[in-house]
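What follows is a single structure, written as structure tokens, with notes after it.
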Amino acid sequence: MNFPKGQIQVQLIDRGIKQSAVLEAMEKISREDFLPDAMKPFAYEDKALPIGEDQTISQPYIVAYMTEQLDVQPHHKVLEIGTGCGYQTAVLSRLAHKIFSVEIIEKLHRQAQKNLNDLNIKNVELRLGSGTEGWSEKGPFDRIMVTCARKDIPQSLLQQLAVGGKLIAPIGEPVQRLTVWTKKNEDSFDQEVLIPVKFVKFVD
Ligand code: SAH
């Protein structure tokens with residue numbers, strides 16, 4: 001089942017999500033495909049849900065909002081930190097050329113790989129490990145999305161951003177705010193602070 005149109009309207013469009021490519025990706029990727037059986041009946045509810053290992057699948061609005069703020073284009077190479085079950089990864093895979101995603105919990109890494117394989121998604125590469133150091137062999141990245149919260153942003157991630165690139169991450173403790181960095185040149189960034197959010201912790 002795709003994301004019900006009525007819910008796309010209420011959860012996303014009515015809250016200001018505008019990019020048609022983002023709305024289309026949200027509609028085409030079935031959130032239930034990324035949930036454990038017990039959670040599938042709640043797939044299109046307007047909230048984060050448990051996926052085991054004390055981790056969560058993000059609220060659809062937040063997935064759409066972060067994706068839109070990142071302004072992902074078809075030729076982009078994207079790095080994601082915090083694959084979880086792979087839902088956000090799958091949404092990004094419809095918008096960009098290639099996605100690299102790092103997850104620290106082995107069980108979730110394996111589950112995400114299975115979920116993405118089952119959907120025949122081919123432009124994604126997953127790695128098990130900590131995202132603190134990014135994935136330098138694959139960089140630089142046009143876009144970086146971090147989906148676990150930290151007090152500050154690891155310098156290695158900012159370094160792996162291409163000039164002109166953007167990074168979005170939940171930053172702060174205990175209150176987190178989505179923050180966007182835009183790399184102006186090798187050592188200078190613009191920084192913009194957006195909405196408050198509640199993500200699981202970035203494990204160092
Ligand atoms: N992107 C997911 C949200 C996953 S929740 C979605 O689409 O719903 C955040 C994930 O970040 C968890 O799976 C957690 O295990 C992972 N994580 C936490 N610290 C990490 C780190 N240092 N490196 C990589 N992944 C990390």
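The values are calculated or read from the model by the stated rules, or taken from the named source; none is laboratory data. As the structure is a prediction and not an experimental result, all values here were calculated from the model. Cβ placement follows ideal geometry from the backbone for every residue including glycine, while neighbour counts extend to all protein chains displayed. Accessible surface areas use protein heavy atoms only, side chains included; no ligands, DNA or RNA. Shrake-Rupley method; radii C 1.70, N 1.55, O 1.52, S 1.80 Å.
Restricted to segment 62-98, and to residues there that are within 13 Å of the ligand (Cβ to nearest atom) and assigned to a loop (DSSP other than H, G, I, E, B), the residue that is surrounded by the most Cβ atoms within 10 Å (Cβ to Cβ) is Gly86. Of the residues making up segment 99-128, those that are under 14 Å from Asp33 (Cβ atoms), near the ligand (Cβ under 9 Å from one of its atoms) and among the acidic types (Asp, Glu) number 0. Scan segment 11-27 and give yes if some residue there is closer than 19 Å to Gln111 by Cα and within 15 Å of the ligand (Cβ to nearest atom), otherwise no. No, segment 11-27 has no match at all.
Once segment 99-154 is narrowed to residues that are more than 24 Å from Asp54 (Cβ to Cβ) and polar (S, T, N, Q), the residue that is least open to solvent (accessible area, probe 1.4 Å) is Asn123. Looking at segment 1-13, is at least one residue open to solvent by 10 Å² or more (accessible area, probe 1.4 Å), in contact with a helix residue (DSSP H, G or I) (Cβ under 6 Å, 6 or more places away or on another chain) and under 22 Å from Asn120 (Cα atoms)? Yes, segment 1-13 contains at least one residue that is open to solvent by 10 Å² or more (accessible area, probe 1.4 Å), in contact with a helix residue (DSSP H, G or I) (Cβ under 6 Å, 6 or more places away or on another chain) and under 22 Å from Asn120 (Cα atoms).
Taking the numbered list (1) touching a Lys or Arg at 6+ places or on another chain (Cβ under 9 Å); (2) surrounded by 15 or more Cβ atoms within 10 Å (Cβ to Cβ); (3) assigned to a helix (DSSP H, G or I) in turn, Tyr44 passes all entries but (3). When Glu125 is tested against (1) in a strand (DSSP E or B); (2) in contact with an Asp or Glu (Cβ under 9 Å, 6 or more places away or on another chain), exactly one condition is not met: (2).
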